[in-house]
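Colleague: Supplied in structure tokens, the structure appears directly below.
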């Protein structure tokens with residue numbers, strides 16, 4: 001219900017913007033922009049064409065709301081909005097932003113434009129930005145905020161609280177990161193611990209020494225799993241010497257989870273991994289999907305070759321051809337289900353090295369149960385439907401679909417696990433590669449069983 005209400009409000013907001021844009025009512029548009037939350041404005045923005053987007057953005061002032069609005073947009077939108085924008089305006093806009101916000105916006109621009117903007121920033125900001133942008137795009141280093149609040153371990157709780165009050169701009173002060181004389185991270189303390197402890201107590205006496213931390217090159221998906229598993233609000237990022245470089249906050253992790261899930265879904269569907277595929281042109285969209293569909297095409301060629309080798313059998317018992325679609329379809333569906341379950345299990349951490357065999361056996365048992373169920377149902381149907389043709393048709397069809405579904409479950413289960421062993425993203429396993437291999441195996445098994453039982 002809440003979702004429907006929200007959707008309705010967004011539609012009303014969109015229509016209001018479009019009506020004002022058609023009338024060129026700039027004053028009313030400015031008022032509406034100010035009243036609209038940046039996140040809602042970013043959603044509505046996707047419904048506008050490029051001219052309308054430029055018109056709305058030109059009416060926005062350089063303030064924190066404009067910055068927040070940009071960080072809510074996809075890379076392609078940012079690039080289109082800022083490609084013709086004055087370099088000084090962009091530099092002024094991001095001047096007081098956090099380092100991860102700056103790197104996000106600059107990362108969406110072409111290298112030449114980004115370099116011009118970086119050169120207009122303050123020296124210290126320039127160095128921080130260049131350092132963050134040097135990390136891989138999907139790493140903790142690229143994601144982290146460097147405006148981190150740290151205190152020495154000998155600081156008292158009273159001093160800590162006083163210092164916090166003087167540093168209102170520090171990134172998400174839910175945890176206090178505690179360092180030693182070497183500036184090395186030695187522990188963390190929560191604000192609750194500070195507020196409920198004797199003011200004269202030193203931080204080293206209340207800090208949690210066991211700290212889950214990551215390196216800047218750590219993949220963002222691993223950081224997301226860490227936050228999800230332990231319910232952290234932030235994760236510290238340290239270098240090889242255990243020096244605190246920054247933190248990855250939970251709000252950034254939410255974006256990561258959404259992005260990674262989108263990539264996995266696209267890969268499983270065989271549509272590449274470009275999260276912004278809907279924003280691409282039809283030609284770019286098609287070009288992205290060509291290599292993925294090529295596997296299906298080759299698989300279809302091989303399957304047709306297999307069917308061609310059993311041409312005489314089909315001529316003698318033409319009814320066999322009518323069951324090919326359901327044999328292929330049921331096998332492909334259960335194979336995709338199994339691989340999706342396995343990929344999801346690995347992404348959520350429910351499938352570990354220790355329980356792989358248990359998961360495999362459980363999935364194979366499920367495939368056996370479903371295979372027997374649908375095999376019996378289809379066998380009975382085929383037996384009665386074609387009772388005058390050959391009484392063994394029902395047995396052939398039933399055994400074929402049962403075998404196909406069991407093997408498909410095995411392929412769908414083993415492939416992602418095998419790819420993980422090879423350090424390849426398991427999500428690609430559930431694309432055309434799995435379904436194609438299942439189609440070939442299903443057709444081959446079908447005619448093999450038919451040849452053995454019907455003796456054709």
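Colleague: Would you tally the residues in segment 187-220 being surrounded by fewer than 18 Cβ atoms within 10 Å (Cβ to Cβ), touching a helix residue (DSSP H, G or I) at 6+ places or on another chain (Cβ under 7 Å) and over 25 Å from residue 153 (Cα atoms)?
Modeller: 1
Colleague: For residues that are within 16 Å of residue 229 (Cα to Cα) and in contact (Cβ under 8 Å) with a residue 12 or more places away in the chain, tally how many sit in segment 201-217. If you could, list the steps in order and put the result at the bottom.
Modeller: The initial filter retains those residues of segment 201-217 that are within 16 Å of residue 229 (Cα to Cα), namely 210-214.
Retained after the next criterion (residues that are in contact (Cβ under 8 Å) with a residue 12 or more places away in the chain): 211-214.
Here the count works out to 4.
Colleague: Okay, next question. Which of (1) at pLDDT below 85; (2) under 28 Å from residue 165 (Cβ atoms); (3) touching a helix residue (DSSP H, G or I) at 6+ places or on another chain (Cβ under 6 Å) does residue 151 not meet, given it meets every other one?
Modeller: (1)
Colleague: Hey, can you tell me all the residues within segment 354-363 that are surrounded by 16 or more Cβ atoms within 10 Å (Cβ to Cβ) and free of Cβ contacts under 8 Å to residues at least 60 places away in the same chain? Don't jump to the end; show me each part of the working.
Modeller: From segment 354-363, those surrounded by 16 or more Cβ atoms within 10 Å (Cβ to Cβ) are 356, 359-360, 363; that's our starting set.
Residues satisfying the conditions are 359, 360, 363.
Colleague: Now, a different point. Collect the residues in segment 44-65 that are within 28 Å of the chain's Cα centre (by Cα) and surrounded by fewer than 17 Cβ atoms within 10 Å (Cβ to Cβ), keeping them in residue-number order.
Modeller: Residues satisfying the conditions are 46, 47, 49, 50, 64, 65.
The values are calculated or read from the model by the stated rules, or taken from the named source; none is laboratory data. Given the structure is predicted, the values throughout are model-derived calculations rather than measurements. Every residue, glycine as well, gets a Cβ built from its backbone with ideal geometry; the counts of neighbours run over all protein chains shown.
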